[in-house]
Amino acid sequence: VILELRGLFVKIGQVMSSRADFVPRQYCDKFASLQDAVPPWPKDRVEAIVRESLREAQNTVMEDVFESFGEVLGSASIGQCHQATLTPKYTSIGKYRGGKDVAVKVMHPDAENRFKNDFKIFRALCKVALPGWDPILRELEMGMMTEFDYVNEARCLEIVRNNIEKSPYANKVRIPQPVRELCSKNLLVMEYLSGKKLAVAIEERLADILGGDVDLARKVLKAKQQALFDSKDVGHKRNKRFSFEDLSDMIAEEGGGSNMSLLQKGAKALHVSAMTRDARKKLNILLDVTGHQIFQDGVFNGDAHPGNILELGCGRLGLIDYGQCRTLTRHDRLALAEVVAALGKSGSDGKDIDIAGAMRNFGFRSRDNNDEIIAKNAALYFDSDSEGRKLGCATPQAYLQYLNEVDPMEEVPDAAVFVARTSFLFRGLGALLQQQLHTSKRWSKHAHIALKEAGLEVAPYRLGLSAS
């Protein structure tokens with residue numbers, strides 16, 4: 001049904017594919033195809049768009065630019081991506097030095113109109129069924145509609161890439177370099193990053209540890225995801241190590257353990273533990289890079305779903321697709337930093353008051369001005385869903401509805417929506433990789449750095465922080 005409807009419905013499916021902590025694994029597996037396997041447009045139709053775009057951008061023909069133009073690498077809600085090879089003439093055009101192998105994104109001809117119509121439908125539904133989501137949906141619409149201009153995405157790629165090269169994470173992640181001279185509203189040409197989606201790479205590595213048994217690998221991953229969903233790992237404690245007993249029991253259940261010695265089972269469990277540590281290390285890199293982008297740079301990717309994170313052959317992580325790149329004002333960046341810094345504090349004395357004060361400074365307003373409920377909203381937006389699960393809420397939406405029934409949010413700042421969405425996506429990615437995440441715990445150090453650099457030693461809502 002989603003593939004038939006396309007548009008915004010595909011975007012929703014992409015988000016659901018990343019939330020293995022409350023969406024059943026079989027649905028996550030199906031939704032994962034929406035990250036890059038939406039049926040593509042015919043190649044001749046796509047090449048016609050490329051030819052017209054190149055004529056407008058460079059007054060040239062396709063054969064002059066590309067030695068080859070390959071089949072589809074992936075197709076999603078807005079466009080599809082092809083691998084291509086540049087001719088020598090264009091491998092060093094302008095500032096581009098990314099090599100001859102490029103990825104070429106071409107916008108689907110009907111994508112923009114589909115999204116406009118879909119948002120009309122969702123706004124009408126929200127007014128009836130989810131009135132508390134109206135401000136969130138409004139900001140999502142504003143953000144997503146910026147994706148329909150690949151010139152803007154090329155500019156964002158360049159900004160984020162330059163920021164990363166100056167950051168402590170330059171040797172840990174890669175951002176593709178755009179070929180600005182070849183980009184247009186419907187066409188984006190950029191450096192090709194060769195790699196696998198991070199979640200796929202980890203699943204394949206686990207299957208190798210288990211003797212190539214993909215089914216058993218998925219069973220192990222599903223068991224850990226179920227433990228997260230059942231709240232066995234809820235809280236701020238580090239997940240317990242994947243034990244020999246865990247793996248031995250699963251192998252026995254599958255009927256594959258009869259010919260495996262205790263020593264072999266123990267060795268496999270150790271390999272799985274090492275793989276889990278590596279997965280956490282990569283997640284921490286992603287969280288740190290994003291925290292740096294949000295709090296130091298003020299420019300970040302608002303659509304960091306699992307399909308946009310690659311494990312590259314060089315060992316670094318590839319971060320792609322900056323169509324929903326967001327920019328924060330100084331006021332929003334520092335006000336958000338105060339919220340996250342307050343969430344990251346240990347102890348509970350006066351914590352709700354500090355968090356609620358920071359949220360008000362950011363621009364959140366509720367009907368009853370209830371400190372406790374405002375603080376719980378802050379945790380839901382920027383940290384974890386775990387408190388809702390403790391109350392028996394099966395999904396973040398159910399928990400948000402519960403909070404709105406107690407003290408409804410009447411104003412939600414636009415800048416908060418995509419930062420919250422990023423936090424939600426990382427929590428989902430953590431579940432796919434069997435890690436319990438509290439994003440504010442990892443982001444708080446970046447928040448403190450931002451506040452210190454701004455000379456704010458006490459809460460900005462006490463200083464009268466001005467917007468700029």
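The values are calculated or read from the model by the stated rules, or taken from the named source; none is laboratory data. Owing to the predicted nature of the structure, the values given are computational and were not obtained by experimental measurement. Please note: Cβ atoms are built from the backbone with ideal geometry, for glycine as well, and neighbour counts cover all protein chains shown. Just so you know, the surface numbers come from the protein's heavy atoms only, side chains and all, with ligands and any DNA or RNA stripped out. Shrake-Rupley method; radii C 1.70, N 1.55, O 1.52, S 1.80 Å.
Is one or more of the residues making up region 349-363 at pLDDT 95 or above, farther than 30 Å from residue 193 by Cα and of a type in the set (D, E, K, R)?
yes
Checking the structure you have, find out if any residue of region 349-361 is within 30 Å of residue 31 (Cβ to Cβ), polar (S, T, N, Q) and not in a loop (DSSP other than H, G, I, E, B). I'd like the intermediate steps shown before the answer.
Start the filter on region 349-361 by keeping residues that are within 30 Å of residue 31 (Cβ to Cβ), which leaves none.
The answer is no, given that none of the residues of region 349-361 is within 30 Å of residue 31 (Cβ to Cβ), polar (S, T, N, Q) and not in a loop (DSSP other than H, G, I, E, B).
Of all residues in region 295-321, which are polar (S, T, N, Q) and assigned to a helix (DSSP H, G or I)?
296, 308
Among 277, 326, which is the only one that is open to solvent by 30 Å² or more (accessible area, probe 1.4 Å), in a strand (DSSP E or B), of a type in the set (D, E, K, R) and farther than 14 Å from residue 195 by Cβ?
Answer to the selection: 326.
For the list (1) more than 16 Å from residue 300 (Cβ to Cβ); (2) open to solvent by less than 40 Å² (accessible area, probe 1.4 Å); (3) modelled with pLDDT of 75 or more, I need the number of the one condition that residue 157 fails.
Only one criterion in (1) more than 16 Å from residue 300 (Cβ to Cβ); (2) open to solvent by less than 40 Å² (accessible area, probe 1.4 Å); (3) modelled with pLDDT of 75 or more is unmet by residue 157, namely (1).
Being free of Cβ contacts under 8 Å to residues at least 60 places away in the same chain and of a type in the set (A, V, I, L, M, F, W, C) is the filter here, so list the residues in region 160-209 that pass it.
Residues satisfying the conditions are 170, 200, 207.
Filter region 408-425 down to residues that are assigned to a loop (DSSP other than H, G, I, E, B) and of a type outside the set (Val, Ile, Thr) and give me whichever is farthest from the chain's Cα centre (by Cα).
It comes out as 408.
Kindly provide the set of residues from region 50-77 that are among the polar types (S, T, N, Q), outside any helix (DSSP H, G or I) and open to solvent by less than 50 Å² (accessible area, probe 1.4 Å), ordered by number.
60, 75, 77
Please work out which one of (1) modelled with pLDDT under 90; (2) more than 18 Å from the chain's Cα centre (by Cα) is the condition residue 69 fails and give its number.
(1)
(1) open to solvent by less than 30 Å² (accessible area, probe 1.4 Å); (2) touching a strand residue (DSSP E or B) at 6+ places or on another chain (Cβ under 8 Å): which one isn't true of residue 342, the others all being true?
Here residue 342 clears every test but (2).
For residue 428, indicate whether it is open to solvent by less than 10 Å² (accessible area, probe 1.4 Å), within 30 Å of residue 157 (Cα to Cα), in a helix (DSSP H, G or I) and in contact with a Lys or Arg (Cβ under 7 Å, 6 or more places away or on another chain).
Numbers: open to solvent by less than 10 Å² (accessible area, probe 1.4 Å): yes; within 30 Å of residue 157 (Cα to Cα): yes; in a helix (DSSP H, G or I): yes; in contact with a Lys or Arg (Cβ under 7 Å, 6 or more places away or on another chain): yes.
Criteria met by residue 428.
Residue-by-condition table, conditions (1) crowded, with 24+ Cβ neighbours inside 10 Å; (2) hydrophobic (A, V, I, L, M, F, W, C):
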{"residue": "358", "(1), (2)": "yes, yes"}
{"residue": "369", "(1), (2)": "no, no"}
{"residue": "377", "(1), (2)": "yes, no"}
{"residue": "386", "(1), (2)": "no, no"}
{"residue": "393", "(1), (2)": "no, yes"}
{"residue": "399", "(1), (2)": "no, no"}
{"residue": "437", "(1), (2)": "yes, yes"}
{"residue": "444", "(1), (2)": "no, no"}
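Which one of these does residue 416 not meet: (1) modelled with pLDDT of 85 or more; (2) at positive phi?
Against the list (1) modelled with pLDDT of 85 or more; (2) at positive phi, residue 416 comes up short only on (2).
Just checking, which of 151, 104 is more than 30 Å from residue 363 (Cα to Cα), of a type in the set (A, V, I, L, M, F, W, C), touching a helix residue (DSSP H, G or I) at 6+ places or on another chain (Cβ under 9 Å) and not in a helix (DSSP H, G or I)? Full working, then the answer.
Details: 151 fails: not in a helix (DSSP H, G or I).
None of the other options fit; the residue is 104.
Determine, yes or no, whether residue 38 is within 18 Å of the chain's Cα centre (by Cα), buried (at least 16 other Cβ atoms within 10 Å of the Cβ) and modelled with pLDDT under 80.
no
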